Amino acid sequence: MALTHRSTNLLKPLSAAVPFTSSLRRLFSTDDATAITVETSVPFTGHKCDPPPRTIDTTPKELMTFFRDMATMRRMEIAADSLYKAKLIRGFCHLYDGQEAVAVGMEAAITKKDCIITAYRDHCIFLGRGGTLVEAFAELMGRRDGCSRGKGGSMHFYKKESGFYGGHGIVGAQVPLGIGLAFAQKYSKEEHVAFALYGDGAANQGQLFEALNMAALWDLPAILVCENNHYGMGTAEWRAAKSPAYYKRGDYVPGLKVDGMDAFAVKQACKFAKEHALKNGPIRLWLGSCFVGKVSFELAEKKALLDKILEMDTYRYHGHSMSDPGSTYRTRDEISGVRQERDPLERIRKLILSHDIATEKELKDIEKEIRKEVDEAIAQAKESPMPDSSELFTNVYVKGFGVQSFGADRKEVRAILP
Amino acid sequence: MERDARVCVMGEDVGHYGGSYKVTKDLANKYGDLRVLDTPIAENSFTGMAIGAAMTGLRPIVEGMNMGFLLLAFNQISNNCGMLHYTSGGQFTIPVVIRGPGGVGRQLGAEHSQRLESYFQSIPGIQMVACSTPYNAKGLMKAAIRSENPVILFEHVLLYNLKERIPDEEYVLNLEEAEMVRPGEHITILTYSRMRYHVMQAAKTLVNKGYDPEVIDIRSLKPFDLHTIGNSVKKTHRVLIVEECMRTGGIGASLTAAINEYFHDYLDAPVVCLSSQDVPTPYAGTLEEWTVVQPTQIVTAVEQLCR
């Protein structure tokens with residue numbers, strides 16, 4: 001209550017005198033002390049573990065950060081959509097809008113020394129790990145200033161300094177890599193964990209079970225996170241998996257089922273998982289969203305009997321990638337239903353408004369600001385040049401050998417491009 | 001492993017058992033179970049695990065109990081091992097060594113007698129070497145471990161029992177260099193791994209018949225040491241390649257193409273490539289012998305080339 005009075009008093013005299021953005025910053029980013037108690041949308045379901053409590057403490061600063069970050073991610077993905085349609089982004093582009101709560105919630109629970117590895121839907125997680133908008137857009141457009149110098153593309157974003165290990169095209173192959181990250185952490189005796197993210201489609205890969213077996217065998221600090229958006233490209237999960245209770249797979253590993261559209265649930269789950277992994281070895285997280293809409297109610301009931309894995313129940317609004325309209329295997333009602341009831345950004349917005357941390361207009365202004373930021377980043381990325389032709393041969397081997405390390409004359413032979 | 005704490009070994013039965021060919025004998029006692037890790041039978045995943053660990057800075061050595069089993073890890077080797085340095089724009093290096101016994105043994109059966117160098121040779125980003133003597137095995141292994149690039153080291157099942165006096169002190173051999181086994185004037189014979197011994201046996205017969213073959217163990221399968229090979233071709237003008245790979249798409253096929261492309265002017269005769277037959281290796285002893293190149297065939301080929 002005190003906050004409300006303070007904010008309205010400050011706004012009136014200051015808004016005219018002080019530039020808008022700095023007044024926003026003063027109001028929201030300094031308040032780290034007021035505790036706000038939030039309850040997750042649904043309680044956690046645990047498998048072979050005691051689930052964490054539903055109530056979480058947060059601060060206005062955190063709420064505003066969540067809002068800002070998720071709005072930026074949302075805006076970035078929608079901008080990427082337009083860029084793709086304008087043929088500035090080619091090839092594959094897998095968009096993450098709808099699933100932002102996972103990226104933001106996870107980031108809030110861990111440090112940059114913990115590792116995250118994911119598959120190809122990696123733009124927003126890259127952003128969460130500290131990647132900049134310019135780097136992201138430049139990489140998407142294949143420019144020199146991209147995070148992988150334009151040589152990776154949409155599916156190969158990496159940021160070594162912040163522990164973001166990509167960015168992988170082949171579904172499921174990143175999970176053994178994630179186990180390797182956890183192995184290295186255990187080897188070096190660091191008190192950090194590795195999060196290996198995969199989707200419900202990848203959950204049927206054999207290498208996941210192999211990796212889980214090894215992680216459990218050696219007590220590696222690995223957390224396997226299934227981002228269940230219910231569709232493996234065009235195939236709904238109940239058509240692909242006999243047991244869609246992904247958090248129960250690999251029975252001997254504890255699991256937790258989480259509502260992946262609720263950033264605080266994700267944060268709580270990841271915090272819990274990190275503590276668990278450091279003490280007891282691997283744990284699975286299943287981030288999923290309850291189905292909304294007529295088509296899926298029966299499925300939801302069926303699933304309710306089986307569910308109990310660490311799953312992040314979530315949902316993607318776009319299709320699998322830009323070449324997939326996303327409407328041949330699900331109804332528009334379902335998509336708009338989820339958007340109305342479970343949208344992660346809306347949830348945070350409602351929380352902010354109900355606790356009087358900001359007004360509707362201020363939030364809209366933040367979104368406008370973000371839109372401008374994204375547009376500027378795109379403009380800057382567009383100015384970045386394409387990689388030089390010599391870059392074709394750099395980074396194939398360390399020390400940049402070129403085409404052949406020893407040509408016929410023991411000179412480095414570099415092929416000359418037309 | 002003693003020099004660098006980041007070096008670790010992982011593979012099936014490398015720890016307590018000491019390795020299926022005793023390559024890692026007693027290492028687990030010395031360095032512990034985490035550094036010499038016994039993995040379950042999950043090649044795809046433990047190769048992936050090694051690559052993930054290498055991304056953070058560890059230097060794992062992956063053993064394929066038989067190189068043929070690494071076909072299960074092909075995705076990890078091709079996509080992650082070979083490509084991550086490139087697709088991350090240089091952010092990650094993958095200093096992993098993948099090694100194991102391959103090649104045709106004594107009646108091991110088709111699936112345990114595979115030569116994977118032909119399948120892996122196209123993968124961009126990896127280096128391949130084949131050792132053939134205890135001396136070059138030690139040197140190449142050390143070089144491979146110290147290299148920042150992923151290296152696949154091909155050992156041969158039948159060469160583990162070789163005994164040789166080698167220096168105690170540390171030495172590292174160049175990963176991209178071929179070895180001059182026997183200098184000569186009449187013909188260049190290029191070979192690697194076990195076929196080196198068949199070639200040397202044939203060379204004895206050839207010398208008795210009056211020929212002077214130059215034998216080069218190419219050692220580096222990717223990239224080829226075209227400098228040494230080129231100088232030899234310029235001298236002798238005739239090339240015979242003797243390999244254990246299959247005829248189709250093997251190392252010999254690539255080497256023939258490379259020599260023809262670069263040294264065409266120096267050749268007096270077409271490059272002849274003796275390879276294994278394009279068949280699954282049969283079990284019966286006599287049939288297996290005919291699959292692989294034998295010394296008598298080498299002698300005949302040299303005589304024909306030098307006519």
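Every read-out reported here was derived from the displayed coordinates using simple, explicitly stated rules and does not represent laboratory data. Here the structure is a predicted model, which means the values were calculated and not measured. Every residue, glycine among them, receives a Cβ derived from its backbone with ideal geometry; neighbour counts consider all protein chains shown.
Please give the Cα centre distance for the range B:231-307 versus the range B:57-118, rounded to the nearest Å. About 25 Å separates the Cα centre of the range B:231-307 from the one of the range B:57-118. Largest first, the extents of the alpha carbon coordinates of the range B:234-307 on the three principal axes equal 43, 25, 13 Å.
Distance between the pseudo-spin-label points of A:Ser389 and A:Arg371 (7 Å out from Cα toward the beta carbon): 4.3 nm. Averaged over the residues of B:114-126, the number of partner chain Cβ atoms lying within 10 Å of the residue Cβ comes to 1.
What does the convex hull of the Cα atoms of the protein assembly as shown come to per residue, in Å³, rounded to a whole number?
On the way: hull volume 127.7 nm³, N = 725.
Taking only Cα atoms, the protein assembly as shown has a hull volume of 176 Å³ per residue.
What's the ranking of A:182-192, B:282-292, A:357-367 by average number of surrounding C-beta atoms within 10 Å, highest first? Present the calculation step by step, with values, prior to reporting the outcome.
Values: A:182-192: 19.7, B:282-292: 13.6, A:357-367: 16.5.
The densest-packed peptide leads the list: A:182-192, A:357-367, B:282-292.
How well do other chains shield peptide A:185-191, expressed as the mean number of their Cβ atoms within 10 Å of each residue Cβ?
Working: counts 2, 2, 11, 6, 0, 1, 0.
So the per-residue partner count for this stretch is 3.
Checking the cross-link filter: which aspartates and glutamates have an alpha carbon closer than 15 Å to that of B:Lys234, excluding same-chain neighbours under 8 positions apart? Once the sequence-local aspartates and glutamates are set aside, what remains near B:Lys234 is A:Asp409, B:Glu185, B:Glu214, B:Asp225, B:Glu261, B:Asp265, B:Asp268.
Approximating the spin labels as points 7 Å out from Cα along Cα→Cβ, the A:Asp356-to-B:Lys204 distance works out to 9.9 nm.
Please label the shape of the range B:148-307 as rounded, prolate or oblate, based on the square roots a ≥ b ≥ c of the eigenvalues of the alpha-carbon gyration tensor (a/c under 1.5 means rounded; beyond that, a/b larger than b/c means prolate, else oblate). It comes out rounded by the Cα gyration axes.
Sorted by average packing, counted as other Cβ atoms within 10 angstrom per residue and highest first, what order do B:164-170, B:111-117, A:125-131 take? Could you put the intermediate results ahead of the total?
Details: B:164-170: 8.6, B:111-117: 21.6, A:125-131: 23.3.
Highest mean packing first, the order is A:125-131, B:111-117, B:164-170.
Here is the link list: A:Lys61/A:Lys112; A:Lys186/A:Lys279; A:Lys160/B:Lys30; A:Lys87/A:Lys382. Which ones come out longer than 22 Å on Cα distance? Don't skip to the answer; put the middle values down first.
Details: A:Lys61/A:Lys112 20 Å; A:Lys186/A:Lys279 12 Å; A:Lys160/B:Lys30 33 Å; A:Lys87/A:Lys382 13 Å.
From A:Lys61/A:Lys112; A:Lys186/A:Lys279; A:Lys160/B:Lys30; A:Lys87/A:Lys382, over 22 Å: A:Lys160/B:Lys30.
Over chain B, the ratio between the Cα radius of gyration and 2.2 N^0.38 Å evaluates to 1.00. Place a label point 7 angstrom from the Cα of B:Lys22 along the Cα-to-Cβ direction, then list the residues of the range B:133-175 whose backbone nitrogen is under 13 Å away. Counting backbone N atoms under 13 Å from the label point, the list is B:160-163. Peptide A:391-397 has a mean of 6 when you count, residue by residue, the C-beta atoms of other protein chains within 10 Å of its C-beta. In terms of other Cβ atoms within 10 Å, A:Trp286, A:Trp238 run from fewest to most in the order A:Trp238, A:Trp286.
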